[in-house]
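Scroll down for the structure; my scribbles are underneath it.
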Amino acid sequence: VRLAGRIPVEPLDEERLTHIERRVVAGAVDAAIRGQRLHAPGRLLRPVIAAAAIAAAGAVGWAIRGAPASEPVAEPAPVVPAAPEIHVQTAPQRSVVDIGDARIESDPDTAFAVTRPGGGVLIAVARGKLELEVGKRGARPPLVVRAGDTDVVVVGTRFSVDYGDGSGDVDVRVTEGVVRVVHLQQETPVAAGQEWRTRAGLVAMAGDTREAGAGPLPTGEPRAAGPAPEPQRDRKRPPDAPEVLPTVLHDRRAAVPDAPAAPQAPTRSAPATRPAGREPAHPRVAVRDDPHVDLRTAIRAQRVEPALDLGEPNPASAVARYYDIAAHRSGDEASQAFYSIAAVRYFRQGNGADALQTLDAYVRRFPGGKEYRAALWLRVRILCLARFDEACRAAAYTYLHEAPDAPAAHIAERLTQTE
Amino acid sequence: VTAVLYVEDVLLVDRCLTGEPAATRELFRRHRSRVHACLFRALGSNRDMDDLLQEAFLQVFQSLRSWRAEASLATWIDRVAVRCAYRHLAQRQRRIATDPLDDDAAGALTAPEAGPGARRQLARDGVARLYAVLDELSPAARLAFTLHELDGRPLAETAELVGSSVTATKLRVWRARKRIEAAAAADPVLREFVEPAGGQVIRFDDPGAP
């Protein structure tokens, strides 16, 4: 019986493959989001906390049981209900709701509900417009604003969502940080100063019409104009904050068209346009306007674990040799080679985006590797020298969490507090 | 090239784990043909093939975090697909909805030497009867046989894919082969397909066929 290669495979036509691909991609993205929630660091602690709570309750129960019979028996503790769903229906005035994780300002005639599924926060908008100020969520699951079939995923930022009468388009405007807008299984990062609309997609925000007093917006202008909110960025500013801060923020918003090029959303295919052998140049910020100039200096002064020295003058050849080692060796050698790929890509090839991807892969693959801390610090260095944004702060937080006693921990701590 | 591909796989999986749709699409496109061929040879022409291919890849993406880069990504994906095929076979209790082939086998039987078209028809009938015999095997034996004999994979790889030892896999393949030989002894169409007279292999894609 010789049958190998004699059973021809009926090909699937392109249309069927496209359908399958679409469903698979949608399912895969869902699985990835669920997986990220499942593997959030805080999740590991929850069973421990739950076990401790059960043990404590048992101890209390035992103590009660052991008490003299003449003493009154304690009433059983009431069962604490799950966090209730908050329904908000605003009156003719604007209203403000503080849910702890976020401060929500809503326009007149706005309706929304807040729930807390799986440790995250879900704000389902039925109609109207919300402006949100979300605190940094760290390792907690993200806060999601859902307006119809559009999800806005947040890890800490300020933005607004306008859902009109609850049946039409959605308008998302970001004033600080970055959010991810998920619509029809397409995910779009929206950075500060950018706007996303259901029909138009991502556009640069045409100025803050509330503050500037300009005419109505092209879409999504609130139906009833409430009193103009106070300038929110001053609310969080400490009294001793430098006066240049608003200017810097303003400048950052003015530079919006460049935002997608930041390492927030690195692309593998981004060409390395900078000369090899140098750390990539970072956006130039005038020293007098940069409140973090000393922090940048401190980052640069911090030692970085060097790449494995192969005596290879050509960085591309060196990376190829590291690939070979990473693929065919194991343990420390593979770990060191993998880290070296990232280091060479960044320092010698000037390719921060690819270096970041390699570092992310390293952190996932070698959680106990010798270069684990060095890889985390290199992530901090790449991200934070590029921009003090949410990605930088998240990287710094991770580093601080994993290496609290490292020499650079104090820098990471300062980075987590940057605005 | 292998090393580069390996590292690329690691990076691609990492992008998939962040939920990046482009990475997911790229992974699907890289592996879909091979997985489809594997499922097709294991299960035969099947109405549920679209669903099975989709199910296999959804399983891949749901389990992607567990890929530890110890095996090659392709082998790991094949293993998930084989498990998916196994579940399908087990659930349907070996009753595979094999698509009926359109023409009547009797015509080919009566005139096998009538021309290339008739020979191609005979090959189709032979495949249909082969899968009818395979339907009688246990899912594990069927998968071992199809992966090794039809897909042409080495025994060691087949054993890894079905999650058995090489010895057990070899035994399953041998038993399946015996079963097919016994069926071929009683079925001239199947016999002509698996042991063509004069050693001339009958193919669907006979270049001489009209």
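Does any residue of region A:10-32 turn out to be at pLDDT 60 or above, within 11 Å of another protein chain (Cβ to nearest Cβ) and over 43 Å from the mean Cα position of the chain (by Cα)? Taking every residue of region A:10-32 in turn, at least one turns out to be at pLDDT 60 or above, within 11 Å of another protein chain (Cβ to nearest Cβ) and over 43 Å from the mean Cα position of the chain (by Cα). Among the residues that make up region B:91-102, is at least one of them within 11 Å of chain A (Cβ to nearest Cβ), in a helix (DSSP H, G or I) and modelled with pLDDT under 90? No; the residues of region B:91-102 include none that is within 11 Å of chain A (Cβ to nearest Cβ), in a helix (DSSP H, G or I) and modelled with pLDDT under 90.
Going through region A:392-408 one residue at a time, which ones are buried (at least 17 other Cβ atoms within 10 Å of the Cβ) and closer than 19 Å to residue A:374 by Cβ? Residues satisfying the conditions are A:392, A:394, A:395, A:396, A:397, A:398, A:399, A:400, A:402, A:403, A:406, A:408. Taking the criterion of being within 13 Å of chain B (Cβ to nearest Cβ) and either touching a Leu at 6+ places or on another chain (Cβ under 6 Å) or of a type in the set (D, E, K, R) (or both), the residues of region A:360-374 that qualify are A:360, A:361, A:364, A:365.
Here residue B:61 meets each of (1) at the interface with chain A (Cβ under 7 Å from one of its Cβ atoms); (2) of a type outside the set (Ser, Thr, Tyr); (3) without any contact (Cβ under 8 Å) to a residue 24 or more places away in the chain with one exception, condition (3). Based on this model, can you work out whether residue B:69 counts as touching a helix residue (DSSP H, G or I) at 6+ places or on another chain (Cβ under 7 Å), crowded, with 19+ Cβ neighbours inside 10 Å and either of a type outside the set (Asp, Glu) or in a helix (DSSP H, G or I) (or both)? Answer is no for this residue.
For region B:23-40, the count of residues that are touching a Ser or Thr at 6+ places or on another chain (Cβ under 6 Å) and within 9 Å of chain A (Cβ to nearest Cβ) is zero.
Would you check if residue A:165 is more than 22 Å from the chain's Cα centre (by Cα), at pLDDT 80 or above and in a loop (DSSP other than H, G, I, E, B)? It is false that residue A:165 is more than 22 Å from the chain's Cα centre (by Cα), at pLDDT 80 or above and in a loop (DSSP other than H, G, I, E, B). Taking region B:176-210 as the range and being part of a loop (DSSP other than H, G, I, E, B) and either modelled with pLDDT under 60 or farther than 21 Å from residue B:148 by Cβ (or both) as the test, the residues that pass are B:187, B:200, B:201, B:202, B:203, B:204, B:205, B:206, B:207, B:208, B:209, B:210.
Being of a type outside the set (S, T, N, Q) and modelled with pLDDT under 80 is the requirement here; does residue B:111 meet it? Yes; evaluated as a whole, the condition is true for this residue.
Residue count for region A:375-405, restricted to those that are outside any helix (DSSP H, G or I) and in contact with a helix residue (DSSP H, G or I) (Cβ under 6 Å, 6 or more places away or on another chain): 1.
The values are calculated or read from the model by the stated rules, or taken from the named source; none is laboratory data. All values reported here derive from a predicted model rather than from experimental measurement. Neighbour counts run over all protein chains shown; Cβ positions are idealised from the backbone, glycine included.
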